[in-house]
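Colleague: After the C-alpha cells below, expect a handful of questions from me.
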Amino acid sequence: MAGAHGGRRRGSGERPKLPRGFGVIWTTVAIDLIGFGIVLPILPQYAERFGAKGAVIGILSASFSLAQLVCAPLWGRVSDRFGRKPVILVSLFGTAVGSLLTGLAGSLWVLFAGRIIDGMSGASVSVAQAAVADLAAPRERARLMGLVGAAFGVGFVAGPTIGALAALGGPHVPFIIAAVIALVNGLVAIRRLPETAKGVEGHPLADPAVVAARKAEQAALDAERIAAEPALDGPGIVEPAHLAEPAPMAVDTARPQRSAIVRLIVVAFVGLVAFSGFEATFALLAQARFDLHLSSTAAVFAGIGLVLVAVQGGLVGPVTHRLGETGTLRFGLLANAAGLALLAVDAGWAGLVVALVVLTVGQGLLTPTLSSAVAGRAGRETGQWLGWQQSAGGLARVVGPTAAGFLFQYVGVGAPYAVGAALALMALALVPAAVRARPTAPSVTG
C-alpha cells in the first residue's frame, strides 16, 4: 500500500501548480524579509556603539516583538474585514520608516523608537500567510506555507550579505538600505499585489465571479491529480490513494476550532522563546567563542538562510505528507532541542556547524507546519488567528531575547541555549494534544 510508506504516488511525478497570485505574494514577503535580514545580525553590535550591553541588547530585540505582539492580532482582524492588501502595504511602509529611524539614530532611545515603529507595522508575514490560506487547497497548505517560509531563508541569505557589504560604507548604511528596499517594495506592491480575499466565499470583499472561477479552477486541478493517482492495491480497495491516506492538512471548517488553535499557539510560543533567544545572542556567542565580528557573523546568518531555503522550499511538503503534522512538529522540536543543546557546550567549529544545521532544519520544518495547522482550523477568521499566532510569536520574542540576554551576561555563554533546549522539549510534550484531528478528504476551498 502506498500509505504503508507514508507517501503518495503520483502518476505524473509532478507537484500541483501554484495558485494564481502566489508568486507575487511570495516575492513581496521575500523582499520585505531581505530588509529584516539586513538588520537582524548586525543590530546587537550596532547597539553596542550606544553603550548597550547584553541585557539591554536583549530588551532592544524584544521591543520590536512587543510592539508586534500588541498590533498583529488587530492587523489580522482588519485584514479579515477589509482585505489583505491594505494591511501588507501599511506593514511595508511602516518598515521603511522604522528602518530609516534606526539608521539615523543618534542615541539609544531613538534606536528603540525605530525598532518599536517597525514592530507596530510588522504584520506582513501573518497577513501574507492568510492570503496564501485564501488561495490554497487544504492538502497543499503546508507546502505553500513552507514556500512562504523559504522567503525567510532568502532574507537570511541576501539580507546579511547586503548588510555586510553596506557596512563597509559606515554603520548606518545597512539600515538606510533596508528602508529603501521596504519603500520600493511597498510602491511596487500597490500595483502588483493581488487582493486574495475576493476569492474567499463569505468574506466581506468576496466577488461571486472570482469565487466561482476559483472553485472551477481548483476542481479541475483536483480532478487532474486524482486521475494521475493509482488506486491502492488490496482486496476491496477501489478509491484513489489520495482518499485512502490520511490528509494531514484536511481540517478546513467555516468556524474556528478554538481549543485546538490555542494549543497550537502555545506550542509555537514555547518553541519560539527558545529559538529567539538563540537569534538574539548568537552574534555575542560567535564573538566570545570564535572571535567573529560583523561581517563574519553576517556570513554565518547567510549560511543559515541557505539551509532554511532548502528546507522550507523543498522539504516541508514531502515531510508533512509522510509524517503528518504531529510527526513533523515532533521532529522539528527534537531537532531544535538537539541543536540548542550542542550550542550550550563549546564543541569547536565542527560542533558549531552541526548545531546550526540541525537547529535550522528543525525550525524550518516547525514554523510553516504550525502556521498551516492554525490556518486549517481557523475557517473565515484566518487572518485574526494567524495574527494571534504572530502575536504569541511577538511575546516569545520579548521573553526569549530578554531572558537570553540576562542568562548570557549573568549566568554564562552557554546558558541561553541549555534553557532553550529544555523549552523545546517542553513544547514537544504539548504536541500530541495540540494537533490531533479527524482526517477528512480534501475539499475545494472558496
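The values are calculated or read from the model by the stated rules, or taken from the named source; none is laboratory data. It should be emphasised that the depicted structure is a prediction, and the values quoted were computed from it without experimental measurement. With ideal geometry, Cβ positions are generated from the backbone for all residues, glycine too; neighbour counts draw on all protein chains shown.
Colleague: Hey, does region 349-364 have a residue that's of a type in the set (Ser, Thr, Tyr) and closer than 28 Å to GLU48 by Cα?
Modeller: Yes, that holds for at least one residue.
Colleague: Looking for whichever is in a helix (DSSP H, G or I), surrounded by fewer than 24 Cβ atoms within 10 Å (Cβ to Cβ) and under 20 Å from the mean Cα position of the chain (by Cα) here; the options are VAL132, VAL90, VAL110, VAL127. Which one fits? Spell out the reasoning first.
Modeller: Values: VAL132 fails: surrounded by fewer than 24 Cβ atoms within 10 Å (Cβ to Cβ); VAL110 fails: under 20 Å from the mean Cα position of the chain (by Cα); VAL127 fails: surrounded by fewer than 24 Cβ atoms within 10 Å (Cβ to Cβ).
Being in a helix (DSSP H, G or I), surrounded by fewer than 24 Cβ atoms within 10 Å (Cβ to Cβ) and under 20 Å from the mean Cα position of the chain (by Cα) holds for just one of VAL132, VAL90, VAL110, VAL127, which is VAL90.
Colleague: Would you pick out the residues in region 65-85 that are farther than 15 Å from GLN384 by Cβ and either among the β-branched types (Val, Ile, Thr) or at pLDDT 80 or above (or both)?
Modeller: Those that are farther than 15 Å from GLN384 by Cβ and either among the β-branched types (Val, Ile, Thr) or at pLDDT 80 or above (or both): ALA67, LYS85.
Colleague: Looking at GLY351, is it part of a helix (DSSP H, G or I) and in contact with a Lys or Arg (Cβ under 9 Å, 6 or more places away or on another chain)?
Modeller: Working: part of a helix (DSSP H, G or I): yes; in contact with a Lys or Arg (Cβ under 9 Å, 6 or more places away or on another chain): no.
It is false that GLY351 is part of a helix (DSSP H, G or I) and in contact with a Lys or Arg (Cβ under 9 Å, 6 or more places away or on another chain).
Colleague: Take region 17-46 and flag every residue that is surrounded by fewer than 21 Cβ atoms within 10 Å (Cβ to Cβ) and either free of Cβ contacts under 8 Å to residues at least 24 places away in the same chain or of a type in the set (Val, Ile, Thr) (or both).
Modeller: Answer for region 17-46, where residues must be surrounded by fewer than 21 Cβ atoms within 10 Å (Cβ to Cβ) and either free of Cβ contacts under 8 Å to residues at least 24 places away in the same chain or of a type in the set (Val, Ile, Thr) (or both): GLY23, VAL24, THR27.
Colleague: Condition check: over 21 Å from ALA52 (Cβ atoms), at pLDDT 75 or above, in contact with a Leu (Cβ under 7 Å, 6 or more places away or on another chain) and not β-branched (Val, Ile, Thr). Does ALA197 satisfy that?
Modeller: Taking the combined requirement at face value, the residue does not satisfy it.
Colleague: Looking at region 33-53, which of its residues are of a type in the set (Gly, Ala, Ser) and modelled with pLDDT under 80? Let's see the steps before the verdict.
Modeller: Residues of region 33-53 of a type in the set (Gly, Ala, Ser): 35, 37, 47, 51-52.
Of everything in region 33-53, those that are of a type in the set (Gly, Ala, Ser) and modelled with pLDDT under 80 turn out to be GLY35, GLY37, GLY51, ALA52.
Colleague: Still on this structure, I have one more. (1) of a type outside the set (Gly, Ala, Ser); (2) modelled with pLDDT under 80; (3) surrounded by fewer than 19 Cβ atoms within 10 Å (Cβ to Cβ): which one isn't true of VAL154, the others all being true?
Modeller: (3)
Colleague: Confirm whether LEU428 is part of a helix (DSSP H, G or I), more than 24 Å from VAL311 (Cα to Cα) and of a type outside the set (Ser, Thr, Tyr).
Modeller: Working: part of a helix (DSSP H, G or I): yes; more than 24 Å from VAL311 (Cα to Cα): no; of a type outside the set (Ser, Thr, Tyr): yes.
Answer is no for this residue.
Colleague: Now a separate question. Under 8 Å by Cβ, and 6 or more places apart or on different chains, what pairs join a residue from region 130-150 that is without any contact (Cβ under 8 Å) to a residue 60 or more places away in the chain with one that is buried (at least 24 other Cβ atoms within 10 Å of the Cβ)?
Modeller: none
Colleague: Within region 138-145, is even one residue of a type outside the set (D, E, K, R) and modelled with pLDDT of 85 or more?
Modeller: Scanning region 138-145 turns up at least one residue that is of a type outside the set (D, E, K, R) and modelled with pLDDT of 85 or more.
Colleague: Could you tell me whether ARG330 is surrounded by fewer than 24 Cβ atoms within 10 Å (Cβ to Cβ), at pLDDT 85 or above, charged (D, E, K, R) and out of contact with any Pro (no Cβ under 8 Å at 6 or more places or on another chain)?
Modeller: yes
Colleague: Can I ask one more? Out of all the residues in region 333-348, is one or more out of contact with any helix residue (DSSP H, G or I) (no Cβ under 6 Å at 6 or more places or on another chain) and under 19 Å from ALA299 (Cβ atoms)?
Modeller: Within region 333-348, one or more residues are out of contact with any helix residue (DSSP H, G or I) (no Cβ under 6 Å at 6 or more places or on another chain) and under 19 Å from ALA299 (Cβ atoms).
Colleague: Do you know which residues across region 297-306 are of a type in the set (A, V, I, L, M, F, W, C) and within 13 Å of GLY155 (Cβ to Cβ)?
Modeller: Matches in region 297-306: ALA298, PHE301, ALA302, ILE304, LEU306.
Colleague: Taking region 315-327 as the region of interest, how many residues are under 17 Å from VAL431 (Cβ atoms) and either surrounded by fewer than 20 Cβ atoms within 10 Å (Cβ to Cβ) or touching a residue at least 60 places away in the same chain (Cβ under 8 Å) (or both)?
Modeller: Total meeting the criteria: 8.
Colleague: Suppose we keep only residues that are among the aliphatic types (A, V, I, L, M) and crowded, with 24+ Cβ neighbours inside 10 Å within region 269-283. Which one would you say is nearest to the chain's Cα centre (by Cα)? Working first, answer last.
Modeller: Restricting attention to region 269-283, the residues satisfying the condition of being among the aliphatic types (A, V, I, L, M) are 270, 272-274, 280, 283.
The next check asks that each one be crowded, with 24+ Cβ neighbours inside 10 Å; those that pass are 272-274, 280, 283.
Values: LEU272: 11, VAL273: 14, ALA274: 15, ALA280: 17, ALA283: 21 Å.
Per the criteria, the residue is LEU272.
Colleague: Could you run through region 347-360 and say how many residues are surrounded by fewer than 21 Cβ atoms within 10 Å (Cβ to Cβ) and either closer than 27 Å to ALA151 by Cα or touching a Leu at 6+ places or on another chain (Cβ under 9 Å) (or both)?
Modeller: Within region 347-360, residues that are surrounded by fewer than 21 Cβ atoms within 10 Å (Cβ to Cβ) and either closer than 27 Å to ALA151 by Cα or touching a Leu at 6+ places or on another chain (Cβ under 9 Å) (or both) number 6.
Colleague: Against the definition (in a helix (DSSP H, G or I), small (Gly, Ala, Ser) and under 29 Å from VAL56 (Cβ atoms)), how does ALA396 come out, yes or no?
Modeller: Criteria met by ALA396.
Colleague: Could you please find all residues in region 151-175 being part of a helix (DSSP H, G or I) and without any contact (Cβ under 8 Å) to a residue 12 or more places away in the chain?
Modeller: The answer is LEU165, and nothing else.
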